[in-house]
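Student: Sharing a structure, written as structure tokens. Questions coming.
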Amino acid sequence: MTVPVDLRSDTVTRPTAAMRAAMAAAPLGDDVFGDDPSVNALQDRIAGTLGFEAALFVPTGTQSNLCAVLAHCQRGDEYIVGQMQHCYRWEGGGAAVFGSVQPQPIAHQPDGTLALADIEAAVKPDDPHYARSRLLALENTLGGKLIPMDYIEQATALARRLGLSTHLDGARLFNAAVAQAAGADPYAEARRIAGCFDSVSVCFSKGLGAPVGSALCGSRDLVGRARRIRKMAGGGMRQSGVLAAACSHALDHHVARLADDHALARRLAEGLSGLDGVQVELPQTNMVFVDLVGAARDRAPALVQHLAGQGILALGLYRLRLVTHLDVTAEGVDRAVAAIRRFFAR
């Protein structure tokens with residue numbers, strides 16, 4: 001039986017044999033009581049790696065972002081965020097539902113940034129008619145794109161000048177760091193990016209390949225507030241060192257190899273270049289976007305069905321998102337390219 005090539009997301013990765021062994025060997029305690037040694041080791045490590053006082057291990061990136069927003073903001077406050085950022089568009093409106101914190105979404109520029117002038121214009125005056133502007137949230141990477149370092153420095157400096165706290169949804173922070181470091185130390189580059197923010201969320205279950213888990217990093221006070229929110233949100237997981245051990249293994253072994261995913265994404269994009277009716281963005285990290293244009297749009301449903309029949313799993317219709325990750329090989333990429341090319345050759 002042919003193994004499917006799963007390009008839907010980097011969330012579909014499975015733990016490696018070595019990661020499973022690390023999970024099985026993890027010393028355990030009760031994390032709600034604060035005495036799970038594997039969780040404590042992971043929290044200390046990721047906080048130290050990114051230059052923060054403390055970190056909190058949580059089940060998901062969605063919960064990490066929720067804890068961050070509610071730790072920074074109070075009821076009646078708002079956070080400024082991009083229209084296409086995960087913590088606004090794809091997290092069920094959690095900050096508004098659970099915390100009465102209003103999002104103030106603004107449009108992205110073509111490179112994924114938020115115009116500095118738009119950020120400043122979104123900040124409300126101190127007036128009882130308005131929600132209180134408290135937080136600027138950014139995301140890196142965003143749709144696989146790097147947010148430029150000089151922009152991050154300018155945007156966070158502007159936020160400080162305007163009296164806003166700053167949060168980074170760094171679900172794929174290490175993808176950004178590996179790409180930005182260009183062969184240098186990705187851990188140092190991740191710390192440089194994170195150092196611009198008051199808090200950072202990092203996901204271990206995407207490109208890093210852990211089965212579950214994210215961490216929220218920040219000051220001791222902010223993480224203390226976030227811990228209370230995690231409890232209310234049902235995120236206290238008891239013997240969660242089994243999961244934390246997988247995340248620690250990922251930090252040890254799966255960061256530098258993200259460059260392999262980025263190389264496979266480029267291989268995929270280059271393999272699809274030149275097809276009539278197909279526009280392919282050159283990827284910066286591990287996501288390839290394939291747009292069907294002109295007459296090719298009429299064939300989009302048939303293409304998705306064709307790919308599924310060939311064992312190629314992808315998300316989208318008129319715009320396909322193809323994501324490389326730990327469980328995708330060069331052979332799998334070549335199979336996907338060949339399947340798409342066969343479809344358009346018919």
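Student: Can you pull out the helices (runs of 4 or more DSSP H) entirely within the stretch 1-90 that have at least 2 residues that are assigned by TED's automatic domain parsing to the domain that holds SER240, under 21 Å from the mean Cα position of the chain (by Cα) and of a type in the set (Val, Ile, Thr)?
Tutor: Because the criterion is at least 2 residues that are assigned by TED's automatic domain parsing to the domain that holds SER240, under 21 Å from the mean Cα position of the chain (by Cα) and of a type in the set (Val, Ile, Thr), the helices (runs of 4 or more DSSP H) in the stretch 1-90 that meet it are 37-50, 61-72.
Each row is one residue, and each column tells you yes or no for (1) in contact with a strand residue (DSSP E or B) (Cβ under 6 Å, 6 or more places away or on another chain); (2) over 21 Å from CYS196 (Cα atoms).
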{"site": "GLY93", "(1), (2)": "no, yes"}
{"site": "GLU120", "(1), (2)": "no, no"}
{"site": "ASP127", "(1), (2)": "no, yes"}
{"site": "ALA131", "(1), (2)": "yes, yes"}
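Student: Would you call GLY218 free of Cβ contacts under 8 Å to residues at least 40 places away in the same chain, touching a helix residue (DSSP H, G or I) at 6+ places or on another chain (Cβ under 9 Å) and assigned by TED's automatic domain parsing to the domain that holds LEU70?
Tutor: Judged against the criteria, GLY218 is not a match.
Student: Tally up the residues in the stretch 311-346 that are surrounded by fewer than 18 Cβ atoms within 10 Å (Cβ to Cβ) and polar (S, T, N, Q), please.
Tutor: Qualifying residue count for the region: 1.
Student: Let me ask another. Does SER100 count as surrounded by 20 or more Cβ atoms within 10 Å (Cβ to Cβ) and more than 29 Å from SER9 (Cβ to Cβ)?
Tutor: no
Student: Still on this model: Kindly list, by first and then second residue, each pair from a residue in the stretch 177-188 that is under 13 Å from PRO148 (Cα atoms) to a residue that is among the hydroxyl-bearing types (Ser, Thr, Tyr) and assigned to a loop (DSSP other than H, G, I, E, B), limited to pairs with Cβ atoms under 6 Å and residues at least 6 apart or on different chains.
Tutor: If the second residue must be among the hydroxyl-bearing types (Ser, Thr, Tyr) and assigned to a loop (DSSP other than H, G, I, E, B), the pairs left are ALA179/THR285.
Student: Here's a follow-up. So, restricting to helices (runs of 4 or more DSSP H) that lie completely within the stretch 142-256, which ones have at least 1 residues that are more than 20 Å from ALA26 (Cα to Cα)?
Tutor: By residue number, 149-161, 173-181, 186-194, 220-232.
Student: Of ARG230, ARG257, ARG266, ARG238, which residue is modelled with pLDDT of 95 or more, of a type in the set (D, E, K, R) and touching a strand residue (DSSP E or B) at 6+ places or on another chain (Cβ under 7 Å)?
Tutor: ARG230
Student: Among residues belonging to the stretch 47-56 that are out of contact with any Cys (no Cβ under 6 Å at 6 or more places or on another chain) and in contact (Cβ under 8 Å) with a residue 60 or more places away in the chain, point out the one that is nearest to ARG227 (Cα to Cα).
Tutor: LEU56
The values are calculated or read from the model by the stated rules, or taken from the named source; none is laboratory data. What you are looking at is a predicted structure, and each value in this text was computed from that prediction instead of being measured. Because the Cβ atoms are built from the backbone with ideal geometry, glycine has one as well, and the counts that use them run over all protein chains shown.
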